[in-house]
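The structure under discussion appears below in the form of structure tokens.
The values are calculated or read from the model by the stated rules, or taken from the named source; none is laboratory data. From a predicted model like this one, the values you see are computed outputs, not experimental measurements. In this analysis, Cβ positions are derived from the backbone assuming ideal geometry, glycine residues included, and neighbour counts consider all displayed protein chains.
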């Protein structure tokens with residue numbers, strides 16, 4: 001779908017509007033003279049995604065819109081107004097700041113600090129070696145240990161990460177994908193050691209491998225075995241951890257890679273459909289695993305477009321679950337999501353401006369009905385956040401929650417001509433993509449043919465050109481620039497890598513090598529067959545087999561994946 | 001005789017997979033008339049140096065967002081020296097703390113482009129450094 005055809009279609013719809021007599025008179029008597037005197041600032045107004053925005057929205061835009069069918073009431077399908085009857089009046093969103101750097105002990109300290117500051121949930125960032133299934137002392141880990149997140153190579157690191165944090169009382173989100181099953185097994189082992197009941201603990205593993213192939217590119221294995229591992233966690237979670245979200249189907253990274261809002265929405269929900277399809281193929285009953293699926297979106301700078309996206313997401317998901325998959329449980333149909341403000345919108349120039357950007361993006365997420373939220377820190381175009389910057393980001397959410405009054409009523413924008421029209425348009429745009437991917441044979445096939453990757457690369461380049469030509473203004477970057485002082489940023493030195501290497505050496509000396517070998521062999525053998533791998537991974541984790549060793553056992557069977565690079 | 005196009009190797013060193021910047025730059029340089037070879041993801045300094053030699057490039061552009069620049073850049077420059085390719089300028093773009101910039105320049109990085117850089121600025125830098133004009137003025 002090219003932007004030109006989309007624009008043309010929207011303009012055509014606009015012309016078909018059945019404007020009231022009053023509106024037509026207004027155009028003639030009030031609007032035309034104004035335009036004649038002073039033309040508008042731009043010939044065409046568009047969202048940051050390039051979606052056209054009209055001058056004025058009125059009743060005429062909602063001629064085909066049905067208040068019962070398309071809006072409804074909160075807590076009921078189509079969930080446009082939110083998935084709970086009382087939304088943020090009942091319970092505020094979870095303030096869940098993504099944190100992780102250095103060693104497990106460093107991050108544990110940051111976690112405990114954030115909890116004392118009123119943060120209500122944890123969210124773990126892992127370093128690149130961990131995301132790629134390498135131990136900290138692997139040659140490819142050099143220079144990367146503890147840099148983008150916390151280094152976790154074994155259950156011992158995980159124990160240190162959650163030291164003095166009761167997992168029965170705090171919910172934890174873990175941004176881990178290809179090795180998600182392994183990291184989750186470590187988390188469950190810590191919970192067990194703490195005496196927490198698996199049936200009661202709650203949290204989320206990201207576990208969304210499809211968006212890795214599409215956007216973030218931290219994959220290990222080819223799609224087929226990767227999807228098997230995902231479904232293994234669904235099945236395991238369904239039986240043992242009913243309150244844990246076994247996946248967070250993520251649009252965040254798709255957007256960060258440069259997609260439009262509609263692409264983010266469409267590719268994410270089509271990924272969701274793919275996971276449900278694979279779960280059903282495994283023989284899992286839809287209403288038993290679908291309630292544990294959660295979502296994760298980006299909140300970018302174009303305020304109303306983002307709100308429309310969140311509202312449209314809920315509408316598409318309920319229709320999909322009911323009509324496509326025959327789900328009956330409301331918990332399968334209500335789309336729950338986490339939001340993070342847009343990292344890619346942060347500027348290195350005049351970094352304090354980022355506080356304002358983040359506040360507006362967070363407001364959009366709240367008005368869009370998010371269940372949890374991460375607000376970025378002002379210094380993240382330079383480095384991982386300092387404690388000062390991370391605290392300010394948390395305070396931004398607390399001001400929204402407790403001072404602004406926006407959480408005092410449910411879906412305050414419901415019924416706005418503009419917001420409802422934009423919600424309809426974003427939804428329609430997303431369905432077009434979903435149908436196209438269906439026609440390509442599903443998301444795995446689409447990915448193998450680089451379809452979503454190419455669409456995103458196109459959109460990303462189009463946006464960069466618009467910024468280069470100043471068609472889109474970025475304050476402090478291509479307009480309103482100024483000389484400035486360097487910012488104080490967080491530095492992570494190489495001592496973390498040395499510490500990790502020493503810890504790993506000690507661990508390998510102290511554990512039972514024989515037991516580790518035996519359990520890794522059992523896992524490898526199971527990987528060759530069809531059994532659910534979670535119990536085997538859990539067994540290996542318990543005797544301190546490392547992340548790298550466990551991932552290697554599966555690499556031996558599954559092989560690794562290389563993408564066809566497109567530029 | 002037709003003028004030889006400027007040849008640029010765009011590489012993603014380290015474990016990071018965020019390739020938005022690398023792809024945008026590759027395309028912008030291509031649109032500016034250069035020949036661009038993109039290595040794909042997760043290249044070691046050894047792989048990048050080998051690709052640069054094999055492709056006989058005029059410039060190497062690295063995209064690094066992971067914080068591993070202080071480890072990866074010096075090693076690549078050392079490998080280029082070993083191959084007598086120290087005259088090939090290495091430029092980097094990505095998330096680079098200001099405090100690290102002097103050190104990177106000292107080990108021989110020709111230019112560092114931070115987030116928010118217009119693609120034209122990079123095109124201009126390359127032209128000035130290795131274009132036909134650069135040859136004449138040197």
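Report yes if residue A:318 is more than 14 Å from chain B (Cβ to nearest Cβ), closer than 19 Å to residue A:434 by Cα and out of contact with any strand residue (DSSP E or B) (no Cβ under 8 Å at 6 or more places or on another chain), otherwise no. Considered against the rule, which asks whether it is more than 14 Å from chain B (Cβ to nearest Cβ), closer than 19 Å to residue A:434 by Cα and out of contact with any strand residue (DSSP E or B) (no Cβ under 8 Å at 6 or more places or on another chain), residue A:318 comes out as yes. Among the numbered conditions (1) within 30 Å of residue A:212 (Cβ to Cβ); (2) touching a residue at least 60 places away in the same chain (Cβ under 8 Å); (3) assigned to a helix (DSSP H, G or I), the only one that residue B:71 does not meet is (2). Checked against (1) surrounded by fewer than 19 Cβ atoms within 10 Å (Cβ to Cβ); (2) touching a helix residue (DSSP H, G or I) at 6+ places or on another chain (Cβ under 7 Å); (3) over 30 Å from residue A:451 (Cβ atoms), residue A:236 passes all but condition (1).
Yes/no per residue for (1) closer than 17 Å to residue A:325 by Cα; (2) touching a residue at least 60 places away in the same chain (Cβ under 8 Å):
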residue	(1), (2)
A:237	no, no
A:255	no, yes
A:262	no, yes
A:267	no, yes
A:273	yes, yes
A:290	yes, no
A:299	no, yes
A:305	no, yes
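Of all residues in the stretch B:1-40, count the ones that are under 22 Å from residue B:78 (Cα atoms), more than 8 Å from chain A (Cβ to nearest Cβ) and surrounded by 24 or more Cβ atoms within 10 Å (Cβ to Cβ). The qualifying residues number 5. Put simply, of A:190, A:170 the only residue that is in a helix (DSSP H, G or I), away from chain B (no Cβ under 14 Å) and either surrounded by fewer than 24 Cβ atoms within 10 Å (Cβ to Cβ) or touching a helix residue (DSSP H, G or I) at 6+ places or on another chain (Cβ under 9 Å) (or both) is A:190. One residue stands out among those in the stretch B:41-51 that are buried (at least 20 other Cβ atoms within 10 Å of the Cβ) and over 11 Å from residue B:79 (Cα atoms): the one that is nearest to the other protein chains (Cβ to nearest Cβ), which is B:41. Restricting the stretch B:52-62 to residues that are out of contact with any strand residue (DSSP E or B) (no Cβ under 6 Å at 6 or more places or on another chain) and at negative phi, the residue that is farthest from the other protein chains (Cβ to nearest Cβ) is B:53. Considering (1) facing chain B (nearest Cβ under 10 Å); (2) farther than 30 Å from residue A:134 by Cβ; (3) crowded, with 18+ Cβ neighbours inside 10 Å, the lone condition that residue A:459 does not fulfil carries the number (1). When restricted to residues that are under 24 Å from the mean Cα position of the chain (by Cα) and in a helix (DSSP H, G or I), the stretch A:44-88 contains 2. Checking each residue in the stretch B:1-50 for being outside any loop (DSSP other than H, G, I, E, B), touching a strand residue (DSSP E or B) at 6+ places or on another chain (Cβ under 8 Å), over 25 Å from residue A:133 (Cβ atoms) and in contact (Cβ under 8 Å) with a residue 24 or more places away in the chain picks out B:7, B:8, B:9, B:10, B:25, B:29, B:35, B:36, B:37. Restricting the search to the stretch A:351-366, which residues are surrounded by fewer than 23 Cβ atoms within 10 Å (Cβ to Cβ) and within 20 Å of the chain's Cα centre (by Cα)? Within the stretch A:351-366, A:357, A:359, A:360, A:363 meet the criteria.
Remark: residue A:182 falls outside the filter, which requires a residue to be under 19 Å from residue A:545 (Cβ atoms) and free of Cβ contacts under 8 Å to residues at least 40 places away in the same chain.
For the stretch A:352-383, a residue qualifies if it is over 30 Å from residue A:79 (Cβ atoms), away from chain B (no Cβ under 14 Å) and either in a helix (DSSP H, G or I) or touching a helix residue (DSSP H, G or I) at 6+ places or on another chain (Cβ under 6 Å) (or both), and the qualifying residues are A:355, A:356.
Of the numbered criteria (1) within 26 Å of the chain's Cα centre (by Cα); (2) modelled with pLDDT of 95 or more; (3) surrounded by fewer than 10 Cβ atoms within 10 Å (Cβ to Cβ), the one residue A:2 fails is (2).
Does the stretch A:472-495 contain any residue that is within 10 Å of another protein chain (Cβ to nearest Cβ), at pLDDT 95 or above and not in a loop (DSSP other than H, G, I, E, B)? No, there is no match, as no residue in the stretch A:472-495 is within 10 Å of another protein chain (Cβ to nearest Cβ), at pLDDT 95 or above and not in a loop (DSSP other than H, G, I, E, B). Among the residues of the stretch A:524-567, those that are part of a loop (DSSP other than H, G, I, E, B), farther than 30 Å from residue B:28 by Cα, in contact with a helix residue (DSSP H, G or I) (Cβ under 9 Å, 6 or more places away or on another chain) and in contact (Cβ under 8 Å) with a residue 24 or more places away in the chain comprise A:532, A:533, A:543, A:544, A:545, A:546, A:559.
Taking the stretch A:120-147 as the range and being away from chain B (no Cβ under 11 Å), surrounded by 24 or more Cβ atoms within 10 Å (Cβ to Cβ), part of a loop (DSSP other than H, G, I, E, B) and within 21 Å of the chain's Cα centre (by Cα) as the test, no residue passes. If the condition is being within 14 Å of chain A (Cβ to nearest Cβ), part of a helix (DSSP H, G or I) and over 26 Å from residue A:490 (Cα atoms), then the stretch B:82-138 contributes B:119, B:120, B:121, B:122, B:123, B:124. Tell me, which residue of the stretch A:91-107 that is touching a strand residue (DSSP E or B) at 6+ places or on another chain (Cβ under 9 Å), more than 12 Å from every other protein chain (Cβ to nearest Cβ) and not in a strand (DSSP E or B) is surrounded by the fewest Cβ atoms within 10 Å (Cβ to Cβ)? Checked the stretch A:91-107; the qualifying residue surrounded by the fewest Cβ atoms within 10 Å (Cβ to Cβ) is A:106.
The condition (being surrounded by fewer than 16 Cβ atoms within 10 Å (Cβ to Cβ), more than 14 Å from chain B (Cβ to nearest Cβ) and closer than 29 Å to residue A:110 by Cβ) is satisfied by just one residue among A:545, A:502, A:513, A:531: A:502. Put simply, of A:214, A:273 the only residue that is within 14 Å of another protein chain (Cβ to nearest Cβ), in contact with a helix residue (DSSP H, G or I) (Cβ under 9 Å, 6 or more places away or on another chain) and modelled with pLDDT of 95 or more is A:214.
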